[in-house]
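Undergrad: The structure under discussion is supplied below as structure tokens; questions concerning it will follow.
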Amino acid sequence: MDDKNEEATMETADGIGAGGRSPAVLASIGSVALALYYYYVRGDKQRGQFVGFWPVTILALASYFKLEEIKQLLAERDE
């Protein structure tokens, strides 16, 4: 890899970011807490299991949007 490509790759990597405290992560943690509350405290096991599926969906959507952002950054870099 030549210096120009390596520099462009580093700029793209810096632009992507790796924030571990994104709103999606916080929402997922909150929904896990809510699921545990419904399941154990309120005794509503069906609702607790339903809410327990939310974190997976939230994180999947966040991953999709992050991949689209990376795709866009790479396309801009190649132009």
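Undergrad: Among the candidates A13, A75, A18, A8, which residue alone is touching a Lys or Arg at 6+ places or on another chain (Cβ under 6 Å), of a type in the set (A, V, I, L, M, F, W, C) and modelled with pLDDT under 95?
TA: Only one candidate qualifies: A8.
Undergrad: Continuing with this model, one more query. Given the condition surrounded by 15 or more Cβ atoms within 10 Å (Cβ to Cβ) and touching a Ser or Thr at 6+ places or on another chain (Cβ under 9 Å), answer yes or no: does some residue in region 32-49 qualify?
TA: No, every residue in region 32-49 fails to be surrounded by 15 or more Cβ atoms within 10 Å (Cβ to Cβ) and touching a Ser or Thr at 6+ places or on another chain (Cβ under 9 Å).
Undergrad: Something else now. What number of residues within region 21-34 are outside any helix (DSSP H, G or I) and either modelled with pLDDT of 95 or more or among the basic types (K, R) (or both)?
TA: Of the residues in that region, 1 qualify.
Undergrad: Tell me whether region 35-55 contains one or more residues that are at pLDDT 95 or above and among the acidic types (D, E).
TA: Checked region 35-55: at least one residue is at pLDDT 95 or above and among the acidic types (D, E).
The values are calculated or read from the model by the stated rules, or taken from the named source; none is laboratory data. Please read these numbers as outputs of a predicted model, since none were measured by experiment. Don't worry about glycine lacking a Cβ; one is built from the backbone with ideal geometry, like all the others, and counts go over all protein chains shown.
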